[in-house]
Structures are given as C-alpha cells and as structure tokens.
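Colleague: The structure is given below, and queries will be raised subsequently.
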Amino acid sequence: MTNTSTTYAPDGDGSFISAASTTPSGTSTSGTAADAPSAQPGPDRRTYLVRTLGCQMNVHDSEHMAGLLEAAGLVAADAEDAAAWAADVVVLNTCAVRENASTRLYGNLGQLAALKADRPGMQIAVGGCLAQKDRGEILRRAPWVDVVFGTHNIDVLPRLLQRARHNERAQIEIAESLQVFPSTLPTRRESVYAGWVSISVGCNNTCTFCIVPSLRGKERDRRPGEILAEVEALVATGAVEVTLLGQNVNTYGVAFGDRTAFADLLRTVGAVPGIERVRFTSPHPAAFTDDVIAAMAETPTVMPSLHMPLQSGSDRVLRAMRRSYRSARFLGILDRVREAIPNAAISTDVIVGFPGETEEDFEQTLRVVEQARFSSAFTFQYSPRPGTPAADLPDQLPKEVVQERYDRLLALQERISAQENAAQVGRTVEVLVAEGEGRKDTATHRISGRAQDNRLVHLALPAELAGSAPGAPGVPRPGDVVTVRVTHGAPHHLVADSALDGGPFEVRRTRSGDAWQAARDEAHEHATTVTEGPVPLGMPARR
C-alpha cells in the first residue's frame with residue numbers, strides 16, 4: 001500500500017461553470033475529520049459547494065465529502081450563493097469513464113479561476129476518478145487548484161484543505177488502495193426520504209473499454225451487519241427507500257466466498273422495519289443468477305425495476321469488450337425476470353461505435369434492443385480512454401459513422417420507450433413524491449416522483465390544491481406516497497392527471513414526509529433567527 005503526496009506552488013488564472021450543493025434539509029451522519037479546521041461561529045463560518053460529475057457512486061461519494069466538510073465546521077452554501085458559485089470551498093467530484101468528463105472538468109476549472117481571483121481565500125478541490133487518473137496533470141493544467149485527492153482517500157479532504165491554507169501551496173494526495181471504507185465516513189445525505197448505501201467498492205472485471213477497475217481497485221465487500229446497520233440508521237432519520245450500490249452489485253459476497261450473499265442481502269434489507277422500497281444498481285449480466293430474481297419477486301419491498309447493462313447486442317463485440325455473456329443469455333435473463341415480475345421496468349446501457357464494430361454488429365444491437373423492450377436506455381458514443389485496452393485497438397471508427405449509428409439507436413429506443421410508457425395508461429400507480437424531479441411543475445401545477453418501477457411520474461393535484469406549495473394543507477410532501485391513475489405516456493415520463501377527472505388521488509403521509517416537514521421548518525426557523533437572505537427549503541435536485 002503506497003500513497004503519493006506531492007506539493008505544488010499554485011499560480012496562473014482561468015474561470016468556471018455548473019454545480020450542485022447540499023442544503024440544510026439533507027440528513028447528516030456524525031463523524032470526525034482528522035486535522036479538521038475548527039468551526040467558526042454564526043454567519044462567519046466558511047461555506048462549501050460540491051459539484052458531482054458521474055455515476056451514482058460519485059453522487060454517494062459527494063455525500064461523504066459534504067459530511068466531512070460539515071464535520072470540519074463548514075456549512076453548505078445557500079441557494080443564492082450556490083447559483084453564483086459564491087462558496088469558500090468548491091469541490092469537483094469527477095468522472096473518468098468518458099472523454100467529455102475531462103473536457104467538462106477543465107472547462108469548469110478554467111472559469112473557476114476568475115471567480116477565485118475575486119474571492120480571497122476561496123479554495124478549489126478536485127477529487128474522484130479523474131483526479132485518481134490525472135494526478136499531477138490537473139495542477140499542471142490548472143495550477144490555481146488547491147487540493148487534488150483520489151477515490152481511495154476521500155477522508156483526507158478536510159486535512160488537505162487546511163494544509164493548503166496553512167502552507168499557501170497546493171496539495172495532492174493519491175492513495176493507491178482504499179484507506180477508509182467510504183460508508184464509515186460522515187455523510188450529508190441529499191434526501192431525507194431516500195438514501196444510497198454502498199455495499200462494495202471496486203471491480204474485478206477487465207472490460208476493455210472501462211477504466212474504473214484501475215481507478216477504484218479490486219472489489220471489496222462490506223460485512224452484512226455493517227450494511228444493515230446503515231440501512232437502519234437511514235430509517236431512523238426518516239428514509240423509506242434505499243438503493244444498494246456497487247460497481248457490480250450482484251457479485252457482492254465474493255470477498256467472503258458466499259455466492260448467495262446478494263440475494264440474501266436483498267431479502268434482509270427488504271425486511272428492515274420502515275423500509276418500503278429497495279433498489280440496486282448496477283448488476284452484471286454474467287453474474288445475474290436466478291436466486292436474485294427469486295429474491296426480487298418474493299420480497300415485496302424490492303421494487304420491480306432493474307438496470308441491466310447490455311453494452312452491445314453483437315456477440316463478437318461483447319467478446320472484444322471482454323463482457324463474459326452473450327446476447328442470448330442476456331435476453332434469457334430478461335425473460336426470466338419478466339416471468340417472475342410481470343410489471344418489471346428494465347433499463348440498460350449501450351455503447352455505440354466500439355472499435356471494429358461493423359454495420360452487421362450494430363444491426364445485431366438494434367435487434368436485441370428491439371427484443372428487449374427496455375423502458376429506457378443510457379446510450380453512449382464510444383470514446384477511447386487512455387490506459388484501457390480498447391484505446392489501442394485497431395479500427396477506431398470515424399466520428400461521423402458513430403454519430404449516425406447513435407442517432408439510429410436513439411430513435412429506436414425513443415420509439416420503444418414511448419410505446420412502453422403508453423402501455424401504462426390506465427394503470428394505478430403509487431408515486432413516492434420527490435423534490436427537483438419535475439422541472440416544469442411550477443408551470444403545470446403538478447408534482448413529481450417515482451412509481452414503484454422507477455418510472456418518472458408527473459401528477460396533477462385536485463383543482464382546489466393546484467398551485468399550492470408542498471407542505472400546504474392537503475398537498476403531498478416530498479416523501480409522501482400518492483396513489484393515482486396514469487393518463488398519458490411520453491418517452492421519458494408518465495402523466496397522471498386522474499385527480500382532475502374524478503379518478504383516484506389518495507395521499508398517504510409518511511415518516512419521510514414528516515422528516516421533510518421538520519427539516520423545512522428547522523431551515524425556516526434558522527432563516528428567521530440566524531441568517532440573512534434566502535435559505536433553500538427541501539432537498540436539492542439530483543444531478
């Protein structure tokens with residue numbers, strides 16, 4: 001186990017772009033941060049902002065970063081300051097899976113420099129997968145950055161910020177292996193009604209297009225008791241939904257030799273008193289077994305939704321990707337899931353333009369997508385990542401060929417998604433109300449949330465409640481559950497306006513809604529007694 005720790009002298013200039021922060025309505029798990037800066041009283045406390053680029057693992061890592069900063073005495077920037085990037089500490093948690101992630105990072109850093117020049121004492125930190133990969137390259141290209149830290153040592157963030165301030169020099173520390181399991185760190189949760197729980201970190205696969213194993217390391221699993229304790233702690237703070245996270249979540253148990261560990265974990269977590277919805281992401285088709293399907297079907301709290309990455313429908317391309325399954329096995333898994341869980345909504349990932357992909361290979365992908373009938377798909381144009389075997393393969397495809405195929409795949413999936421969602425019209429669904437899911441809710445007087453199968457639902461309030469704010473009498477709060485009938489299906493969402501035609505509109509107020517209300521009331525009281533200016537209410541949007 002080795003660490004690299006190097007000091008650089010910052011200089012140069014540049015400027016900045018988009019971000020996301022936590023707010024007073026999130027939930028915190030207390031902890032300690034070694035060498036943390038001492039808290040400053042009242043309005044003089046330093047503020048922070050965390051911007052996440054990447055997957056759900058990055059989102060959850062950002063919650064730990066926020067928790068560490070709060071344990072160190074910082075407070076989340078309020079809505080107005082966050083929108084203007086007016087924070088004392090800005091943390092960019094990066095992704096390295098696709099090329100545009102690197103472009104976005106350096107674009108953001110370039111613009112942040114100008115903001116920093118006008119804000120004495122401001123600090124910029126870069127963490128995550130791209131920091132693990134690029135290391136000193138970040139400070140070479142953006143020497144105004146104060147701290148660079150990797151995926152294996154999130155816990156050092158407060159210490160490095162303090163050291164950079166004290167020494168007036170940039171600090172970089174990249175660990176080569178995991179130092180502290182992230183779930184043991186302080187956490188600032190984005191939501192009071194739903195939470196991420198990491199059950200493993202790292203990956204043992206060797207997919208030729210993927211750089212994650214070299215950045216996250218080999219798979220390491222948490223003990224079941226630790227996971228269960230975290231889920232119970234989430235329930236105690238008001239959560240009713242939990243999502244289990246892992247790079248290959250269904251290979252959980254490999255570290256302690258238990259092949260049924262993941263199915264057992266689903267049943268155990270699903271039985272925790274107070275938990276109403278259990279989800280997980282992302283499984284690997286090669287390790288997806290029938291005992292997991294049985295656990296999903298037989299555990300009422302495990303939701304009828306599944307994200308199953310396809311990547312390609314061509315067996316030849318799957319072989320070149322080192323994906324250890326073939327299209328027939330993949331489709332067989334979907335058939336067995338739908339036989340056991342008829343209403344399951346299945347989503348996927350697909351890569352277009354892998355090196356050497358022929359028109360025939362791509363047609364096979366279209367065939368599998370047509371057969372699979374995915375409710376939605378994340379589609380990507382292949383981009384070579386330095387350090388991966390695929391980056392050195394011959395027959396890299398021209399951009400115009402990849403774009404044309406991507407457009408055809410996107411059109412096909414849009415058609416399928418529209419058809420699958422149109423088939424939901426007339427169904428009665430239970431929607432867990434969220435905050436930040438419906439961008440047009442103010443204009444449409446709807447509220448939004450997720451059905452049990454994870455489809456996004458925009459639902460109308462009864463006419464007498466239209467336009468009322470969450471928390472007003474009779475209006476469902478984030479975390480409450482509303483039973484409605486679907487009246488329209490679009491490619492990316494459902495509309496449930498049954499409340500307007502005399503159809504079902506039943507509100508079940510929950511512990512989560514109570515927790516949201518309490519957090520909002522606390523934030524409002526804080527705003528009127530301690531701070532000046534606006535204070536955000538409710539949870540931030542997931543980006």
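The values are calculated or read from the model by the stated rules, or taken from the named source; none is laboratory data. Computed from a prediction, not measured in an experiment: that's the story for all the values here. Cβ sites come from the backbone with ideal geometry, for glycine too, and all protein chains shown count toward neighbours. These accessible areas exclude ligands, DNA and RNA; they are computed on the full protein's heavy atoms, side chains included. Shrake-Rupley method; radii C 1.70, N 1.55, O 1.52, S 1.80 Å.
Colleague: Using the basic label-point model (7 angstrom from Cα toward the beta carbon), what is the Asp291 to Ala83 distance in nanometres?
Modeller: Distance between label points: 5.2 nm.
Colleague: Another question, if that's okay. Expressed as a whole percentage, what fraction of the accessible surface of the chain belongs to carbon and sulfur atoms when a 1.4 Å probe is rolled over the protein heavy atoms?
Modeller: Carbon and sulfur together cover 51 percent of it.
Colleague: Could you tally the net charge around Arg188, taking each other residue with its Cβ under 12 Å from the Cβ of Arg188, Lys/Arg +1 and Asp/Glu -1?
Modeller: Summing Lys/Arg as +1 and Asp/Glu as -1 gives -3.
Colleague: Where the centroid of each part is defined by its Cα atoms, how far is region 116-189 from region 44-113 in Å?
Modeller: One Cα centre to the other: 11 Å.
Colleague: What spacing in nm lies between the two simple spin-label points modelled at Arg427 and Ala469, each 7 Å away from Cα in the Cβ direction?
Modeller: Roughly 3.4 nm, to one decimal.
Colleague: Taking θ as phi - 60°, what are the ³J(HN,Hα) couplings along region 184-200 by the Karplus curve (6.51, -1.76, 1.60), each to the nearest whole Hz, with x for Gly and Pro?
Modeller: Coupling constants for region 184-200: 8, 8, x, 9, 10, 6, 5, 9, 8, 9, 9, x, 8, 10, 7, 9, 7 Hz.
Colleague: Between Asp258 and Ala443, what is the label-to-label distance in nm when each label sits 7 Å out along the Cα-to-Cβ direction?
Modeller: Roughly 5.1 nm, to one decimal.
Colleague: Could you tell me the relative contact order of the chain? Use alpha-carbon pairs under 8 Å, at least six residues apart, and round to a whole percent.
Modeller: Working: 1202 pairs, mean separation 72.6, N = 543.
Once normalised by length, the contact order is 13 percent.
Colleague: Identify unpaired cysteines across the chain, taking unpaired to mean no other cysteine Cβ lies under 4.7 Å from the residue's Cβ.
Modeller: Within the chain, the cysteines lacking a partner Cβ under 4.7 Å are Cys55, Cys95, Cys129, Cys203.
Colleague: Out of all DSSP beta bridges in the chain, what portion is antiparallel? Express it as a percent rounded to 5.
Modeller: 40 percent
Colleague: Enter the accessible area per residue of the chain (Å², integer; probe 1.4 Å; all protein chains in place).
Modeller: 41 Å²
Colleague: Right, something else. Please report, for the Cα atoms of region 384-424, the Rg to one decimal and the Dmax as a whole number; what are they, in angstrom?
Modeller: 15.8, 45
Colleague: If you build the convex hull over the alpha carbons only and average its shadow over all orientations, what do you get for region 308-374? Give it in nm² to one decimal.
Modeller: If you wrap the Cα atoms of region 308-374 in a convex hull and average its projections, you get 4.1 nm².
Colleague: For a quick check: with amide H placed at 1.01 Å from N, whose amide H comes under 5 Å from Val91's, ignoring anything fewer than 5 positions away on the same chain?
Modeller: Sorted by chain and number, the residues that satisfy this are Leu49, Val50, Arg51, Ala125.
Colleague: Quick one: net charge around His458, please, counting Lys, Arg +1 and Asp, Glu -1 for every other residue with C-beta under 12 Å from its C-beta. Walk me through the intermediate numbers first.
Modeller: On the way: positive: Arg439, Lys440, Arg446, Arg450, Arg455; negative: Glu437, Asp441, Asp497.
Net charge in that neighbourhood comes out at +2.
Colleague: Just the Cα atoms of the chain, one point each, no solvent: what log10 I(q)/I(0) does Debye give at q = 0.07 Å⁻¹?
Modeller: Debye curve over Cα of the chain, log10 I(q)/I(0) at q = 0.07 Å⁻¹: -0.41.
Colleague: Quick check on region 132-252: take the gyration tensor over C-alpha atoms, sort the square-rooted eigenvalues as a ≥ b ≥ c, and tell me if it's rounded (a/c under 1.5), prolate or oblate.
Modeller: Details: a/c = 2.51, a/b = 1.42, b/c = 1.76.
Oblate is the answer for region 132-252, as a/c is 1.5 or above yet b/c matches or exceeds a/b.
Colleague: What aspartates and glutamates does Lys218 reach when the alpha-carbon gap must be under 13 Å and sequence neighbours fewer than 8 apart in one chain are set aside?
Modeller: Once the sequence-local aspartates and glutamates are set aside, what remains near Lys218 is Glu176.
Colleague: I've got another one for you. Could you order the peptides 130-141, 409-420 from most to least packed, using the average number of other C-beta atoms within 10 Å per residue?
Modeller: Listed from highest to lowest mean packing, they are 130-141, 409-420.
Colleague: Also, I was wondering about something else. Once amide H atoms are built 1.01 Å from N in the peptide plane, which residues 5 or more positions from Leu310, or in another chain, come under 5 Å H to H?
Modeller: Long-range HN contacts for Leu310: Asp349.
Colleague: In region 187-239, which trypsin sites (Lys or Arg not before Pro) are in a loop and have at most 16 other Cβ atoms within 10 Å, using DSSP for the loop call?
Modeller: The qualifying sites are Lys218.
Colleague: Is it possible to state the helix-based mean residue ellipticity at 222 nm for the chain, with each DSSP H run of 4+ residues giving -39500 (n - 2.57), the sum divided by total residues, to the nearest 500 deg cm²/dmol? What is it?
Modeller: Helix-only estimate at 222 nm: -10000 deg cm²/dmol.
Colleague: Ok, one more. I want the local charge near Ala84. Using Cβ-Cβ distances under 12 Å, sum +1 for each Lys or Arg and -1 for each Asp or Glu among the other residues.
Modeller: Summing Lys and Arg as +1 and Asp and Glu as -1 gives -3.
Colleague: Right, here's the next one. Using θ = phi - 60° and the Karplus form 6.51 cos²θ - 1.76 cosθ + 1.60, what ³J(HN,Hα) does each residue of region 482-488 get, whole Hz, x for Gly and Pro?
Modeller: 10, 9, 9, 10, 6, 10, 7
Colleague: Further, regarding this structure: Accessible surface of Val180 in the full protein assembly, 1.4 angstrom probe, to the nearest 10 Å²?
Modeller: The accessible area comes out at roughly 50 Å².
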